[in-house]
Amino acid sequence: MADSDTIPQRLLVLVGPSGSGKSTAVRRLVREGIVVVTPTWTTRPMRPDEDAAAIEHVFVSEELFREHERAGAFLTVVSLFGLPHMYGLPSILPSGPNEISCCIVRAHLVPQVRRQAPGATVYSLDLPLSHGGRTRMESDSPEDGTRFTRATEELILGHRLADRIIQWQQDPDARYRCILEAIHQDFPGTRM
């Protein structure tokens, strides 16, 4: 387990069910130099729309994951939705003076992250389950039906634990502007 002194003071945590736009938002925030993202490590296979070079996840074998877990490389480790895949959050990467450290986690991990980083700011990205979230969750793989059945639970938990709820908007640019406005208010001095 990492020393809590290594946790950045300015930490943005994004939560939300699959299809809520967490990865899309983080990739854009990274491109614009606003955040430095710490990827979660996972043993789950990549989905068809994911790339091995994704900034938000490191896809590894179970053997390599367990090796890092035994070495204490993760702040927290979890298996979700009754699936066999493991997720680990390594030590949060520090940010520069005008940037924010950022990670994407499932709502279930927020209490563990807050124990390590009490000042973390959590944004829950909302997703109407009648929208594209259900299609995404049901089309990726057979086990994704399990993820959909838990999505409502995850939304409720994310909303309960979040400092801000970023409401769903059909227009991705409008939603991104909402995220930027929230960051501007919550993290003064951040490069925008």
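Going by what's in this entry, would Leu180 be described as surrounded by 18 or more Cβ atoms within 10 Å (Cβ to Cβ) and at negative phi?
Numbers: surrounded by 18 or more Cβ atoms within 10 Å (Cβ to Cβ): no; at negative phi: yes.
So Leu180 fails the test.
What's the total number of residues in region 61-105 that are surrounded by fewer than 20 Cβ atoms within 10 Å (Cβ to Cβ), touching a helix residue (DSSP H, G or I) at 6+ places or on another chain (Cβ under 9 Å) and either free of Cβ contacts under 8 Å to residues at least 24 places away in the same chain or in a loop (DSSP other than H, G, I, E, B) (or both)?
The number of residues fulfilling the criteria is 10.
Which of the residues that make up region 19-55 are buried (at least 20 other Cβ atoms within 10 Å of the Cβ) and part of a loop (DSSP other than H, G, I, E, B)?
Gly19, Ser20, Gly21, Ile34, Thr38
Contact list please: Cβ distance under 8 Å, first residue in region 35-56 and under 22 Å from Ser91 (Cα atoms) and aliphatic (A, V, I, L, M), second residue assigned to a loop (DSSP other than H, G, I, E, B) and modelled with pLDDT of 90 or more, pairs at least six apart or on different chains.
Matching pairs, first to second residue: Ala54/Pro39; Ile55/Pro39.
Per-residue answers, yes or no, for (1) at pLDDT below 90; (2) in contact with an Asp or Glu (Cβ under 8 Å, 6 or more places away or on another chain); (3) within 20 Å of Leu157 (Cα to Cα):
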residue	(1), (2), (3)
Arg28	no, no, no
Arg31	no, no, no
Ala52	yes, no, no
Glu63	no, no, no
Ser79	yes, no, yes
Ser91	yes, no, no
Ser95	yes, no, no
Glu99	yes, no, no
Val110	no, no, yes
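The values are calculated or read from the model by the stated rules, or taken from the named source; none is laboratory data. Just so you know, these numbers come straight off a predicted model, no measurement behind them. In this analysis, Cβ positions are derived from the backbone assuming ideal geometry, glycine residues included, and neighbour counts consider all displayed protein chains.
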